[in-house]
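Inspection log for the structure reproduced underneath, given as structure tokens.
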Amino acid sequence: MPAQEHATELSLEELVHIANKVGMELVAAKKACDRYELMKPIVRARIMQRLDDGEISETKLRRLMESDAEYAAYINKLIDARAWLEKVRIRYESYKNLFEARRSMLSYRKAEMRLL
């Protein structure tokens, strides 16, 4: 049974383990997203160098670069990396929130037991 399907049955220790695992995935997603962001000017420059024949104006060269299939593919990869980052961030936050809710519930139950 996958942990995501029966999250209400998980112990605090299991939630910490899963949150840590998803946290590591979040780091990988952030790294990929940052890499695409940092490489964007380099990709743009390479494409512009490929398209430049020495007679094209900078403005036209920029338009040609932005409409180039290689640049469009790169932008799609960047968008996919951002989407992956957000999905992993949501999963991570969900497990953190579930942990906090479960911990609060256990504290409440302990306090309730003391009153009985």
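Values in this text are rule-based calculations from the coordinates and carry no lab data. Quick caveat, the model's predicted, so the values are computed rather than measured. All Cβ positions, even for glycine, are placed from backbone atoms using ideal geometry, and neighbour counts span all protein chains on display.
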- If you place +1 on the Cβ of every Lys and Arg, -1 on the Cβ of every Asp and Glu, and leave all else neutral, what size is the dipole of the chain about its Cα centre, to the nearest 20 Debye? 400
- Task: Please list, or write none, the lysines whose alpha carbon is within less than 17 Å of the alpha carbon of K96, excluding same-chain residues fewer than 8 places away.
- Result: K21, K87
- Output the relative contact order of segment 12-115, whole-number percent, from Cα pairs under 8 angstrom with separation of 6+ residues. 46
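What percentage of all Cα-Cα pairs in the chain are separated by more than 21 Å? Intermediate values should be presented prior to the final figure.
On the way: 3912 of 6670 pairs.
Here the tail beyond 21 Å accounts for 59 percent of pairs.
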- Query: If you project the alpha carbons of segment 4-64 onto the principal axes, what extent comes out on each, in Å, largest first?
  - Reply: 67, 17, 14
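How much length is gained if the chain between E100 and L12 is pulled fully straight, taking 0.36 nm per residue apart and subtracting their Cα-Cα distance, in nm to one decimal?
Length difference between fully extended and current span is 30.8 nm.
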- Placing +1 on each Lys and Arg Cβ and -1 on each Asp and Glu Cβ in segment 12-115, then taking the dipole about the Cα centre, the residue among I47, Y108, Y92 whose Cα reaches farthest towards the positive end is Y108
- Query: Roughly speaking, what is the stretch gain from I56 to A69, that is 0.36 nm per residue apart minus the C-alpha to C-alpha distance, in nm to one decimal?
  - Reply: 2.8 nm
